[in-house]
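Participant: Take this structure first; my questions come after.
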Amino acid sequence: MHKQNREAFIEKMGPGGVAIFASNPPARWNHDTEYIYRPDPNFYYLTGFEEPESICVIAPEHPKHQYVLFVRPKNKQAEIWNGKRVGIRDARRHYGADKAYPIEKFDEKIGEYLQNAERLYYTLGSNEDVDSEMLARFTRAVKSKVRGGKGIDTLVDPSPILSEMRLIKNETELERMRMATEITVAGHVAAMKAVRPGLYEYQLESLVESTFRMNGAGGAAFPTIVASGENATTLHYTTNACEIENGNLVLLDAGAEYNRYCGDVTRTFPANGTFTEAQRDIYQIVLDAHYAIIDGIRPGVSIDEPHQKSIELLTEGMLSLGLLKKKKKIEKLIEDGAYRKFYMYRIGHMIGLDVHDVNSVREANGDYKTFQPGMIITIEPGLYVAEGTKGVPSKYLGIGVRIEDDILVTESGNENLTSGVPKEIDEVEALIHGER
Ligand code: MG
Ligand code: MG
């Protein structure tokens, strides 16, 4: 897959280009302990290489080495402490590099690959050390070009090209997305089966995340949100510290990561297995919007369409519940953004290597792109009525509902990758009551 990605990237590079991608530096947790290492997604997309302190050079016009890796050399002592390294030889053998060097040689060797280039493809901001090295080289090259007429004179950010590519998933990516979403479904179903009043939010979090790991996921794709009762009206609540009370809804937003690809699903369900009438009112509006929005997703439709539809449907819902007053016409309410009090974000995001996948949703002329087969977008309508909100029926206070699925655009329409988690009211109730 990574070779195929590199080849596609090279096709999009102009003549005279050399591209350099640096991996992320590790992030410190505390003292001498680091977070579990995550490679930079663009770097990973092109190389498959997962170690820190590595740099990839793509030089399509170099006579011998079109693809070069700079990596950490083997080191017995370091490997005893921190695990095996791929090393120079296997960077060539297993990762397809035409040439590999120890990372220490980067400053010495990079000149050879840049000498005939005119354009340097490099994304500033991914790695400070490499940033300053590349900026210094670029500045020197530009200055000497004035005198000599040869060399680099343009710095190009390659990330828009990669965003564009990553928007459409290839076959391997799709397989991984299917696994990530399947495991995500298993985690959610396990949580629904286990939920009951008296559990703590973190206990559900632990169950969901252990289900992910038990099914082969690398872990959670993002911090799991288990928000019971009023906590659900905080969009990114991750404290997960409260006791789940009888009568509460539980909003669970969680996704598994499988081979670096992410799932992202939200369900909202009653802790005791039965929705109250007020909870049901809100839930049904969100659910109906969820279905109607997904129904409209097919190739050729504007990427902005689901969001516009969500505003319309949810505003109608807010009117029917009395959250908004019918003093103005619905068009005017939408224009004024009245819905933002209860629905405050865009309907969804592209998903893939990043949970909020990089993507360029607009064309160069500013218009929104249209859906194409191979795109995957989350659709996550919600209504959130915070405690203390003035002018709304009091029975709705403290209720937050979100329903989120991962939707693959296909030739003929779309496929819901996460439909395996129940969301119809009777199905959800039956699962929690143990009747399924
Ligand atoms: Mg989510
Ligand atoms: Mg999401």
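Participant: Which condition number in (1) open to solvent by less than 10 Å² (accessible area, probe 1.4 Å); (2) within 16 Å of ligand 2 (Cβ to nearest atom) is the one that residue 385 fails?
Facilitator: (2)
Participant: Moving on. Do we have residue 363 as at pLDDT 95 or above and either away from ligand 1 (no atom under 15 Å from the Cβ) or not aromatic (Phe, Trp, Tyr) (or both) here?
Facilitator: no
Participant: Further question on the same structure: Given the criterion out of contact with any Ser or Thr (no Cβ under 9 Å at 6 or more places or on another chain) and more than 19 Å from residue 348 (Cβ to Cβ), identify the matching residue among 296, 247, 216.
Facilitator: 216
Participant: Could you check the stretch 358-372 and list, in sequence order, the residues that are small (Gly, Ala, Ser) and without any contact (Cβ under 8 Å) to a residue 60 or more places away in the chain?
Facilitator: If the condition is that a residue be small (Gly, Ala, Ser) and without any contact (Cβ under 8 Å) to a residue 60 or more places away in the chain, then 364, 366 are the ones that fit.
Participant: Suppose we filter the stretch 394-422 for residues that are more than 14 Å from ligand 1 (Cβ to nearest atom), open to solvent by less than 40 Å² (accessible area, probe 1.4 Å) and either more than 27 Å from the chain's Cα centre (by Cα) or of a type outside the set (A, V, I, L, M) (or both); how many remain?
Facilitator: Number satisfying all stated conditions: 6.
Listed here are the residues, each with its yes/no results for (1) under 15 Å from residue 18 (Cα atoms); (2) not basic (Lys, Arg).
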{"site": "96", "(1), (2)": "no, yes"}
{"site": "106", "(1), (2)": "yes, yes"}
{"site": "113", "(1), (2)": "yes, yes"}
{"site": "139", "(1), (2)": "no, yes"}
{"site": "143", "(1), (2)": "no, no"}
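Participant: Now for a separate question. Determine which member of the set 109, 143, 99 is modelled with pLDDT of 90 or more, farther than 18 Å from residue 6 by Cβ and over 31 Å from the mean Cα position of the chain (by Cα).
Facilitator: Going through 109, 143, 99 in turn, the sole match is 109.
Here is a yes/no grid of residues against (1) within 15 Å of ligand 2 (Cβ to nearest atom); (2) out of contact with any strand residue (DSSP E or B) (no Cβ under 6 Å at 6 or more places or on another chain):
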residue	(1), (2)
292	no, yes
300	no, no
321	no, yes
333	no, yes
355	yes, no
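Participant: Another question, then. Being among the hydrophobic types (A, V, I, L, M, F, W, C), within 28 Å of residue 176 (Cα to Cα) and surrounded by 14 or more Cβ atoms within 10 Å (Cβ to Cβ): is that true of residue 355 here?
Facilitator: Judged against the criteria, residue 355 is a match.
Participant: If you take the residues in the stretch 371-380 that are open to solvent by less than 50 Å² (accessible area, probe 1.4 Å) and more than 11 Å from ligand 2 (Cβ to nearest atom), which one is nearest to the chain's Cα centre (by Cα)?
Facilitator: If we take residues in the stretch 371-380 being open to solvent by less than 50 Å² (accessible area, probe 1.4 Å) and more than 11 Å from ligand 2 (Cβ to nearest atom), then 376 is nearest to the chain's Cα centre (by Cα).
Participant: To continue, here is another question. Going by the structure shown, is residue 145 part of a loop (DSSP other than H, G, I, E, B), farther than 18 Å from residue 56 by Cβ and out of contact with any helix residue (DSSP H, G or I) (no Cβ under 7 Å at 6 or more places or on another chain)?
Facilitator: Criteria not met by residue 145.
Participant: Give me the pairs, please: first residue somewhere in the stretch 235-251 and charged (D, E, K, R), second residue anywhere and open to solvent by 30 Å² or more (accessible area, probe 1.4 Å), beta-carbon distance under 6 Å, and either six or more positions apart or on two chains.
Facilitator: 243/200; 245/197
Participant: Just name the residue that is least open to solvent (accessible area, probe 1.4 Å) out of those in the stretch 81-96 that are more than 23 Å from residue 114 (Cα to Cα) and at pLDDT 90 or above.
Facilitator: So, considering only residues that are more than 23 Å from residue 114 (Cα to Cα) and at pLDDT 90 or above, the one least open to solvent (accessible area, probe 1.4 Å) is 87.
Participant: Any residue in the stretch 147-173 that is under 18 Å from residue 136 (Cβ atoms) and at pLDDT below 90 sitting within a Cβ distance under 7 Å of a residue that is assigned to a helix (DSSP H, G or I) and of a type in the set (Gly, Ala, Ser)? List the pairs, counting only those 6 or more apart or interchain.
Facilitator: Short answer, once both residue conditions are applied: 151/141; 151/144; 152/141.
The values are calculated or read from the model by the stated rules, or taken from the named source; none is laboratory data. Predicted model only: the values in this text are computed from it and were never measured. All Cβ positions, even for glycine, are placed from backbone atoms using ideal geometry, and neighbour counts span all protein chains on display. Protein only, heavy atoms only, side chains kept; ligands, DNA and RNA dropped before computing areas. Shrake-Rupley method; radii C 1.70, N 1.55, O 1.52, S 1.80 Å.
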